[in-house]
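Before any comments, here is the structure.
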Amino acid sequence: MKNSFGFSLLFLLGACLLLAFSVLDQEPWVVPEKYQNLDNPITADDESMDIGKSLYNKHCKSCHGKEGLGDGSKAEQLDTPSGDFTDDYFTLQTDGSIYYKTVKGRDDMPSFEKKIPDSEDIWHVVNYIRSLAE
Ligand code: HEC
């Protein structure tokens, strides 16, 4: 019965790996270089903050929370944490990376390509999210 022992061991290992992936961190979200280096064309002035804030409150706050800590009213229903817009992991990313993730989405994070079709509006949201860490 050597084989079935080997099989069980393999199965157990697989189960552990799956568990580790779902409980521990997620796979890193890789942003294509082209997007990482995108220039933010919108100055983060008061007007941009106002537009960004109202879009954020409408589309993002329910999951990401008022202050971007990942504690919105829907947060508990999500399979994956939505991140913390004030921590180093997040703030060290380029504006282009934040832009990319907002437009494309992944799993529980919706794609905003259609819901916020104007790219300038996405940049306003990026500017606003950035200000949450200050
Ligand atoms: C339905 C819940 C939900 C909504 C609404 C939502 N997000 Fe997310 N968001 C998530 C989740 C969950 C993740 C983590 C996704 C992952 O890592 O796979 C995430 C991740 C992100 C990230 C990447 C965070 C990181 O640490 O790199 C950015 C940027 C982001 N969201 C921006 C936004 C913006 C901007 C909006 C509104 C326009 C928004 N999100 C609306 C759930 C949501």
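The values are calculated or read from the model by the stated rules, or taken from the named source; none is laboratory data. Since this is a predicted model, take the numbers as computed values, not measurements. Cβ sites come from the backbone with ideal geometry, for glycine too, and all protein chains shown count toward neighbours. Just the protein is used for accessible areas: all its heavy atoms, side chains included, with ligands, DNA and RNA removed. Shrake-Rupley method; radii C 1.70, N 1.55, O 1.52, S 1.80 Å.
Odds and ends about this structure:
- Long pairs among K34/K61; K58/K101; K66/K114, criterion Cα-Cα beyond 21 Å: K34/K61; K66/K114
- Modelled label reach - N37, point 7 Å along Cα→Cβ, the range 86-124 residues with backbone N closer than 15 Å: 94-97
- Local electrostatic count, S97, Cβ distance below 13 Å [Lys/Arg +1, Asp/Glu -1]: +2
- Aspartates and glutamates with Cα under 18 Å of K115, excluding same-chain neighbours fewer than 8 positions away: D107
- Relative to the current alpha-carbon distance between A133 and T91, full extension at 0.36 nm per residue lengthens the span by 14.4 nm.
- Between the range 94-115 and the range 36-71, the alpha-carbon centres lie 12 Å apart.
- Whole-number D in µm² s⁻¹ for the range 28-131, Kirkwood Cα-pair radius fed into Stokes-Einstein, 25 °C, 0.890 mPa s: 178
- The 3J(HN,Hα) values that the Karplus relation (6.51, -1.76, 1.60; θ = phi - 60°) gives for the range 123-134 are, in residue order, 4, 4, 5, 4, 4, 5, 4, 4, 6, 5, 7, 7 Hz. Gly and Pro appear as x.
- Accessible carbon and sulfur surface of the range 36-110 relative to its total accessible area, %, 1.4 Å: 47
- The modelled label-to-label distance for the pair E113/N57, using points 7 Å beyond Cα in the direction of Cβ, is 3.0 nm.
- Solvent-accessible area of Y100 with every protein chain in place, 1.4 Å probe, in Å² to the nearest 10: 40
- Ordering of 118-131, 68-81 by packing is 118-131, 68-81, highest average first (other Cβ atoms within 10 Å, averaged per residue).
- Whole-Hz couplings from phi, Karplus 6.51/-1.76/1.60, listed for the range 66-78; x for Gly and Pro: 4, 9, x, 8, x, 10, x, 5, 8, 3, 5, 7, 7
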